[in-house]
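This report refers to the structure that appears directly beneath it.
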Amino acid sequence: MRESTPQKDDTLKPIKVRGSCLCGAVRYEITGPISSPENCHCSMCRKAHGAAFSTNALVATEALRVTTGAEMLTEYESSPNRRKCFCRQCGSQLFIRRLNRPEFTVVTLGTLDDDPAVRPTRHVFVGSKAPWHEIDGPLPTFKIYPGYDSAGAE
């Protein structure tokens, strides 16, 4: 049984996991470490997922491979330097390409078919969280993003 609190080295374990969209047209695999898992409460993630937050993590772009359905991926420029990648058939958001840091891709962990062996370590952009959602539990919260949030953790 896995403890609910992640170990410090959990975000750097090399791992191989598979993921897919809702309809199964797009399938992918990650062969490499998954890092910085977090729950993002920004309004863009909330609207893209229709939920209180999105759980995301970083992977090296070279460790991410679309195995089926690359032609089904389409992109939306949600903000400067960010392109949300989703299946054009079912609408599942799978990745966020970072144009200013192309060596990394954000993966939406809800699209994984396998256990990534990492757990979220923080809540970010809670300054714009859904007013109907209450955050509870031991994870730190940040109004914006760690390192950019002048107030730091709440």
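What percent antiparallel are the DSSP beta bridges of region 1-146, to the nearest 5? Kindly include the intermediate steps, with their values, before the conclusion.
Numbers: 34 of 37 bridges.
If I count the DSSP bridges inside region 1-146, around 90 percent turn out antiparallel.
Loop only per DSSP, at most 12 neighbouring Cβ atoms within 10 Å: give me the chymotrypsin sites (Phe, Trp or Tyr not before Pro) in region 50-154, ordered by residue number.
On the way: sites: 53, 76, 86, 95, 104, 125, 132, 142, 148; in loops: 53, 125, 132, 148.
Sparse-neighbourhood loop chymotrypsin sites (Phe, Trp or Tyr not before Pro): 132, 148.
Can you give me the Cα centroid spacing of region 66-93 and region 12-62 in angstrom?
12
Summing -39500 (n - 2.57) over the DSSP H runs of n ≥ 4 in the chain and dividing by its residue number, what mean residue ellipticity at 222 nm do you reach, to the nearest 500 deg cm²/dmol? Let's see the in-between values first.
Numbers: 1 runs with 7 residues, N = 154.
It comes out at -1000 deg cm²/dmol, rounded to the nearest 500.
Looking at the chain, identify the longest residue range that excludes and avoids all trypsin sites (Lys or Arg not before Pro) in DSSP loops having at most 16 other Cβ atoms within 10 Å. Display every interim value, and only then the final one.
Numbers: sites that count: 2, 88.
In the chain, the maximal stretch lacking such sites is 3-87.
Taking 8 Å as the Cα distance limit and 6 or more residues as the minimum spacing, I'd like the relative contact order of region 12-128 as a percentage. Before the final figure, lay out each step's value.
Working: 269 pairs, mean separation 38.4, N = 117.
RCO, region 12-128: 33 percent.
Let me test this: with uniform point scatterers at the alpha carbons of the chain, what is the Debye-based log₁₀ I(q)/I(0) at q = 0.12, 0.15, 0.17, 0.18 1/Å?
With no solvent term, the Cα-only Debye profile gives -0.50, -0.80, -1.04, -1.17.
Work out from phi, with θ = phi - 60° and the Karplus expression 6.51 cos²θ - 1.76 cosθ + 1.60, the ³J(HN,Hα) of each residue of region 112-127, listed in order in whole Hz, and give x for Gly and Pro.
Rounded to whole hertz, the list is 6, 8, 10, 6, x, 6, 10, 10, x, 10, 6, 10, 10, 6, 6, x.
Filter 16/84; 16/143; 47/129 down to the pairs with a C-alpha to C-alpha distance above 21 Å, please. Numbers along the way, then the final one.
Numbers: 16/84 23 Å; 16/143 32 Å; 47/129 11 Å.
Checking Cα-Cα distances, 16/84; 16/143 exceed 21 Å.
With θ taken as phi - 60° and the coefficients 6.51, -1.76 and 1.60, list the Karplus ³J(HN,Hα) couplings across region 129-146 in order, rounded to whole Hz; mark glycine and proline as x.
Each residue of region 129-146 in turn: 5, 4, x, 8, 9, 9, 8, 10, x, x, 5, x, 10, 10, 4, 10, 9, x Hz.
Where a number appears in this text, it was derived from the coordinates with a stated rule and is not lab data. Remember, predicted model here, so these are calculated numbers, not experimental data. Backbone-built Cβ (ideal geometry, glycine too); neighbour counts: all protein chains shown.
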